[in-house]
Amino acid sequence: VQLQASGGGLVQAGGSLRLSCAASGRTFSNYVMGWFRQAPGKEREFVAGITRSGGSSYYADPVKGRFTISRDNAKNTVYLEMNSLKPEDTAVYYCAADSGYSGPHTHVQFYDFWGQGTQVTVSS
């Protein structure tokens, strides 16, 4: 499956952004989807994940209560709604697809396909 992330940009602290990740090539609903981020000099880290049906989601502690992951299987798209953004949220955000039968997983090695990343910059 091919993934194309979009929606990043520059926003002031306290603001909001909505990231989108459009999938193509294979049956989107067969994949658990995740969002990761990578700040300069840091490892890529899990942000949020959602099950195939969209019925369950899981969040990293730093974003709980501020970020919401969702998916529209009819549109082959997963979203990440980000509110109350902080400067420490600044990173390149990546969407990823996991073809396994459990999850969402928090480790990068479980994900088979990755989007190209979209930059999110939060100014203080």
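Every residue, every condition in (1) of a type outside the set (Ser, Thr, Tyr); (2) surrounded by fewer than 16 Cβ atoms within 10 Å (Cβ to Cβ), yes or no:
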site	(1), (2)
Ser20	no, no
Ser24	no, yes
Thr27	no, yes
Glu43	yes, yes
Phe67	yes, no
Ala74	yes, yes
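All conditions but one from (1) within 17 Å of Gln12 (Cα to Cα); (2) in contact with a Gly (Cβ under 8 Å, 6 or more places away or on another chain); (3) not basic (Lys, Arg) apply to Glu81; the one that does not is (2). Of all residues in region 4-12, none are β-branched (Val, Ile, Thr) and touching a Lys or Arg at 6+ places or on another chain (Cβ under 9 Å). Total residues in region 76-109 satisfying the condition of being aromatic (Phe, Trp, Tyr) and surrounded by fewer than 18 Cβ atoms within 10 Å (Cβ to Cβ): the figure is 1. In the set Asp72, Asp98, only one residue is touching a residue at least 60 places away in the same chain (Cβ under 8 Å), over 14 Å from Ala5 (Cα atoms) and charged (D, E, K, R); that residue is Asp98.
Answer yes or no as to whether Ser6 is open to solvent by 30 Å² or more (accessible area, probe 1.4 Å) and closer than 18 Å to Gly103 by Cβ.
no
For Gly49, the test of being touching a His at 6+ places or on another chain (Cβ under 8 Å), within 15 Å of Thr118 (Cα to Cα) and surrounded by 13 or more Cβ atoms within 10 Å (Cβ to Cβ) is failed. The set of residues in region 29-79 that are part of a loop (DSSP other than H, G, I, E, B) and within 19 Å of Ser16 (Cβ to Cβ) comprises Ala60, Lys64, Gly65, Arg66.
The values are calculated or read from the model by the stated rules, or taken from the named source; none is laboratory data. Computed from a prediction, not measured in an experiment: that's the story for all the values here. Using ideal geometry, Cβ is built from the backbone for each residue, glycine included, and neighbour counts are taken over all protein chains shown. The area values use the complete protein model at the heavy-atom level, side chains included, leaving out ligands, DNA and RNA. Shrake-Rupley method; radii C 1.70, N 1.55, O 1.52, S 1.80 Å.
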